[in-house]
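Asks: Sharing a structure below in structure tokens format, with a few things to ask.
No value in this document is a laboratory result; all are computed from the given coordinates. Just so you know, these numbers come straight off a predicted model, no measurement behind them. Glycine also receives a Cβ, built like all others from the backbone with ideal geometry; neighbour counts cover every protein chain displayed.
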Amino acid sequence: MYCVKCGVELADSEAKCPLCQTPVYLPGYEASEDRPYPKFDKPEPVNPRGIYFIISFICIIGAVISFVCDLNLGTGVSWSGYVIGGILLFYVVFILPGWFKRYNPAIFVPVSFAAIALYLAYIDVAVRGGWFLSFALPLTGAVALVVSSVCILCHYLKKGYLYIFGGAFVLSGLLCPVMELLGYLTFGGPYIGWGFYPLIALCLIGIMLIVIAIVKPFRESLCRIFAI
Ligand SMILES: [Zn+2]
């Protein structure tokens, strides 16, 4: 028996052509139940929790091993603090959200930045740097605010991306001179004013995105040019 449309050879069990889906129609013919190939079932989705469980286990082992090695080699906890802190940071940022069914940026993005700030605080204490409160904390906080707002707005609005990213570029630009000033106040050294160059560049990009968002004909002609 052959398909009337594409001519492919059909098994007796087939009610329609496997290639072109044309129904097999023969007067007095009914497709038999036994199929020439096993019925195709969708593969079962892999449970990601198993993977997260394994990664969690590896993280714990890594932390314990570095801690024990450090204790045996040195006089106390020295380098293993950074290793364990790094593992914890990696875990909070990349693995922890995986345990939850839905990624909620309103929770996980600020939590990730809090973890980064804590890790920096630990390093500051460990090296007696004295730069955390005056430099790292305000900077991490400001970056956290910008990134969190972008993630949350994109997640919930699902439109107006041009406005969101335009605003984010302008805010990031404003952060640059602030970063330079904080660095100058914390570490000293000559004040060059390099922060104003990225400020101008980022603000220009941001304003351009917002202009594209506002001026509809301009946006449409850009879409045509880039075939979006
Ligand atoms: Zn066919």
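Asks: Ranked from highest to lowest mean number of other Cβ atoms within 10 Å per residue, what is the order of the peptides 193-199, 218-224?
Replies: Ranked from most to least packed, the peptides come out as 193-199, 218-224.
Asks: Multiplying the sequence separation of residue 154 and residue 106 by 0.36 nm and subtracting their Cα-Cα distance, what value in nm do you get? Don't jump to the answer; show the numbers that get you there.
Replies: Values: separation 48, 0.36 × 48 = 17.28 nm, distance 1.09 nm.
Extra length available between residue 154 and residue 106 comes to 16.2 nm.
Asks: How large is the dipole of the chain about the Cα centre if only Lys and Arg carry +1 and Asp and Glu carry -1, each at its Cβ, rounded to the nearest 20 debye?
Replies: On the way: 14 positive and 12 negative charges, 150 e Å.
It comes to approximately 720 debye.
Asks: With label points built 7 Å along Cα→Cβ from the Cα atoms of residue 184 and residue 161, find their separation and express it in nm.
Replies: Between residue 184 and residue 161, the label points sit 3.8 nm apart.
Asks: What FRET efficiency do you get for residue 99 and residue 128 if R0 is 35 Å and r is their Cβ-Cβ distance, rounded to the nearest 0.05? Let's see the in-between values first.
Replies: Numbers: r = 36 Å, r/R0 = 1.03.
It comes to 0.45.
Asks: Let me ask something else. What shape does segment 1-142 have by the C-alpha gyration tensor, where a ≥ b ≥ c are the square roots of the eigenvalues, rounded means a/c under 1.5, and otherwise prolate means a/b greater than b/c and oblate the rest? Show your work: numbers first, answer last.
Replies: Numbers: a/c = 6.05, a/b = 3.17, b/c = 1.91.
It comes out prolate by the Cα gyration axes.
Asks: Rank 97, 46, 188 by how far each Cα sits towards the positive end of the charge dipole of the chain (+1 on Lys, Arg Cβ; -1 on Asp, Glu Cβ) and give me just the farthest.
Replies: 188
Asks: A further question follows. Using only the Cα atoms of segment 131-183, build the gyration tensor, take square roots of its eigenvalues as a ≥ b ≥ c, and label the shape rounded, prolate or oblate: rounded if a/c is under 1.5, else prolate if a/b is larger than b/c, else oblate. List each step's numbers first, then the result.
Replies: Details: a/c = 6.70, a/b = 2.07, b/c = 3.24.
Oblate, since a/c reaches 1.5 and b/c is not below a/b.
Asks: Gaussian network model of the chain, Cα springs within a sub-10 Å range: biggest mean-square fluctuation belongs to which of 77, 211, 24?
Replies: Evaluated over the chain, the most mobile residue of the options is 24.
Asks: What shape does segment 69-228 have by the C-alpha gyration tensor, where a ≥ b ≥ c are the square roots of the eigenvalues, rounded means a/c under 1.5, and otherwise prolate means a/b greater than b/c and oblate the rest?
Replies: Numbers: a/c = 3.34, a/b = 1.57, b/c = 2.13.
Oblate, because a/c is 1.5 or more while a/b does not exceed b/c.
Asks: Put +1 on the Cβ of each Lys and Arg and -1 on the Cβ of each Asp and Glu in the chain; which of 60, 1, 169 then has its Cα farthest toward the positive end of the dipole?
Replies: Projecting each Cα onto the dipole axis, the largest value belongs to 169.
Asks: Something else: List the chymotrypsin sites (Phe, Trp or Tyr not before Pro) within segment 92-156 that DSSP assigns to loop and that have no more than 15 neighbouring Cβ atoms inside 10 Å. Don't skip to the answer; put the middle values down first.
Replies: Details: sites: 94, 99, 100, 103, 108, 113, 119, 122, 131, 132, 135, 156; in loops: 100, 103, 131.
Counting only loop positions with at most 15 other Cβ atoms within 10 Å, the chymotrypsin sites (Phe, Trp or Tyr not before Pro) in segment 92-156 are 100, 103.
Asks: While we're looking at this one, here's another question. Could you pull out every residue, at least 5 positions away or on a different chain, whose amide H is within less than 5 Å of the one on residue 16? Hs are placed 1.01 Å off N in the peptide plane, and Pro or chain starts have none.
Replies: Amide H neighbours of residue 16, under 5 Å, 5+ apart: 24.
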